[in-house]
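See below for the structure under consideration.
None of the figures in this text is laboratory data; all of them are computed from the coordinates on show. Predicted model, so just to flag it, every value in this text is computed and none were measured. Neighbour counts are summed over all protein chains in view; Cβ atoms, including those assigned to glycine, are modelled from backbone coordinates with ideal geometry.
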């Protein structure tokens with residue numbers, strides 16, 4: 001019987017590409033997302049695989065637990081969980097409301113915790129499991145006006161590394177991998193701006209310039225290429241996967257200049273905003 005992989009945020013971007021890549025490898029899939037239309041499109045792309053879909057807000061603990069129960073009832077087992085769902089938001093700390101932090105942390109950090117807690121017992125029981133949590137290059141590099149996102153992604157990295165040690169301590173046959181993508185061609189930058197507009201937040205010319213910069217210059221790697229790197233890293237049992245040369249360069253940059261990189265990033269921001 002083929003393995004079962006559960007993926008959050010599977011309606012677009014990396015989540016969709018992971019689903020397609022795992023379907024090609026013969027996995028049975030359990031896919032969730034907040035958007036029903038996106039899930040349906042992903043399912044259609046995975047027509048070679050058995051696919052179970054469910055609309056789930058990963059910030060909702062009860063919804064994630066119910067989804068995990070439904071997946072186990074449907075398939076009888078779960079071997080891998082990919083906690084991929086994520087959102088972004090751009091505002092300074094002073095401009096941000098507490099609700100902004102709750103919203104981003106609810107999806108990006110609590111969503112990972114919810115998904116891990118809900119599926120981990122089943123992943124352990126499979127005897128050959130994997131927990132894969134999507135962090136970011138912002139899991140080791142801080143940036144201004146992204147404190148919500150940065151905090152969540154640093155948190156995902158720490159949570160994942162702690163879980164890995166626990167699985168090693170207990171001798172469980174579970175691969176635990178922290179994923180750190182660089183600039184991937186997804187809709188995250190545009191979604192962040194659209195979300196701000198929908199909430200009635202002021203959107204400045206700098207915000208629109210930043211969206212254009214990300215979409216045209218920084219988000220370069222196709223999602224399917226990123227997914228292949230991630231899947232191969234999980235297959236190899238790697239504890240940490242850097243996706244893209246930009247992620248590798250930023251990792252080296254922070255390691256070499258841990259006390260200075262903040263000033264250098266601030267100077268780069270100043271030049272960009274001129």
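Figures for the structure shown
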{"item": "Spacing of the two label points (7 Å from each Cα toward its C-beta) at residue 228 and residue 36, in nm", "result": "3.5"}
{"item": "Helix 98-108 axis, angle to the chain major axis (alpha carbon atoms, nearest 10°)", "result": "40"}
{"item": "Rounded if a/c under 1.5, otherwise prolate or oblate - segment 1-69, Cα gyration tensor axes", "result": "oblate"}
{"item": "Relative contact order (percent, whole number), segment 4-262, Cα cutoff 8 Å, 6+ residue spacing", "result": "19"}
{"item": "Residue order, fewest to most surrounding Cβ atoms within 10 angstrom, among 12, 178, 152, 48", "result": "48, 12, 178, 152"}
{"item": "Between helix 110-126 and the chain: long-axis angle, C-alpha atoms, 0 to 90°, nearest 10", "result": "30"}
{"item": "Förster radius 35 Å - calculated FRET efficiency between residue 143 and residue 165 (Cβ-Cβ, nearest 0.05)", "result": "0.80"}
{"item": "Segment 136-183 shape via C-alpha gyration tensor axes, a/c threshold 1.5", "result": "prolate"}
{"item": "Residue order, fewest to most beta carbons within 10 Å, for 105, 22", "result": "105, 22"}
{"item": "Residues 47, 240, 28 arranged by fewest to most Cβ contacts within 10 Å", "result": "47, 240, 28"}
{"item": "Tilt relative to the chain, helix 188-198 - C-alpha long axis, 0 to 90 degrees, to 10", "result": "70"}
